[in-house]
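Note sheet for the following structure.
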Amino acid sequence: MLKKDKACDNSFMDYYKKTLEDIYKLIDEKKNDEARSLIEEELKQVYIPRDFEEEIKKILDEIGPKVNYLRALSDEGIEEYLFSTREKQLLAVDALNSKNLRDYIDICNKYLCSDGFINAKVLLIESLIRQEISEDVKYVQDGMEYEFIPRFCLLPEESDGFLEGIRYLEEIYLKDPSKLQMAKELLYKEVMLNLPLNLEGEEGIESAKGICDFIEKAFQNRQFS
């Protein structure tokens, strides 16, 4: 599934080259907060090339900490950001998550039914669940439409699939804490991306097996990079 070949390498290198170009373009346009969000999203990935990682960490140090005023975006500003670039979507969701989402159900529905950035959309769904919102929420992703009531949904860490997956990972990486932590984070992200649905127990174990396979191959490739 993760066989390494020349075409794959070229594809990865093109991706990281393009991402760096996007980051520098944002900085040139004085959009440091958007550049920061893009960098932070990349740094969450389980594996990135060492040179690329060092470069974006250096950029992150240079542009400094996040500006707090983003949480004070006006409602009009939030809506504008939600339907803009993926970096602005993350910033808008970050601003929304600090508010009482009961007052923003209409904009949440509008955004969740849009062709938005899935990472930002599931972060908003998670917040709706954590705030135990009782209103109906609609969500469209990959051609599938869902309707759910957040208060009746499980958080990622509460699902049977996540708990079973964690137990499997703890058995496999009992003597390797660093890989265990990485695997747990990757499993959590996979469960997050499945919201508002939850993985069943066996599905969680299968996901955990795939994650272990990915991590082992990623570490093996890194040794020879």
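The values are calculated or read from the model by the stated rules, or taken from the named source; none is laboratory data. Please read these numbers as outputs of a predicted model, since none were measured by experiment. Cβ placement follows ideal geometry from the backbone for every residue including glycine, while neighbour counts extend to all protein chains displayed. With ligands, DNA and RNA removed, areas are computed over all heavy atoms of the protein, side chains included. Shrake-Rupley method; radii C 1.70, N 1.55, O 1.52, S 1.80 Å.
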Yes/no for D176 being acidic (D, E), in contact (Cβ under 8 Å) with a residue 60 or more places away in the chain and under 22 Å from K44 (Cβ atoms): no
One residue from E135, E170, E202 being open to solvent by less than 80 Å² (accessible area, probe 1.4 Å) and in contact (Cβ under 8 Å) with a residue 24 or more places away in the chain: E135
Close pairs from the stretch 71-95: first acidic (D, E), partner open to solvent by 20 Å² or more (accessible area, probe 1.4 Å), Cβ under 6 Å, at least 6 apart: E79/I107
Condition check for D160: touching a residue at least 40 places away in the same chain (Cβ under 8 Å), among the acidic types (D, E) and open to solvent by 60 Å² or more (accessible area, probe 1.4 Å): yes
Meets criteria (crowded, with 17+ Cβ neighbours inside 10 Å and under 21 Å from G204 (Cβ atoms)) for K121: no
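Yes or no, residue by residue, for (1) of a type in the set (S, T, N, Q); (2) assigned to a helix (DSSP H, G or I):
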| site | (1), (2) |
| --- | --- |
| K88 | no, yes |
| V93 | no, yes |
| D103 | no, yes |
| L123 | no, yes |
| S178 | yes, yes |
| M182 | no, yes |
| M192 | no, yes |
| L199 | no, no |
Check on Y69, open to solvent by 100 Å² or more (accessible area, probe 1.4 Å), at pLDDT below 85, among the hydroxyl-bearing types (S, T, Y) and in a helix (DSSP H, G or I): yes
Subset of the stretch 100-118 (residues that are open to solvent by 50 Å² or more (accessible area, probe 1.4 Å) and within 20 Å of S84 (Cβ to Cβ)): D106, K110, C113, D115
The stretch 21-59 - residue that is of a type in the set (A, V, I, L, M) and either open to solvent by less than 10 Å² (accessible area, probe 1.4 Å) or not in a helix (DSSP H, G or I) (or both) and, of those, farthest from A120 (Cα to Cα): I59
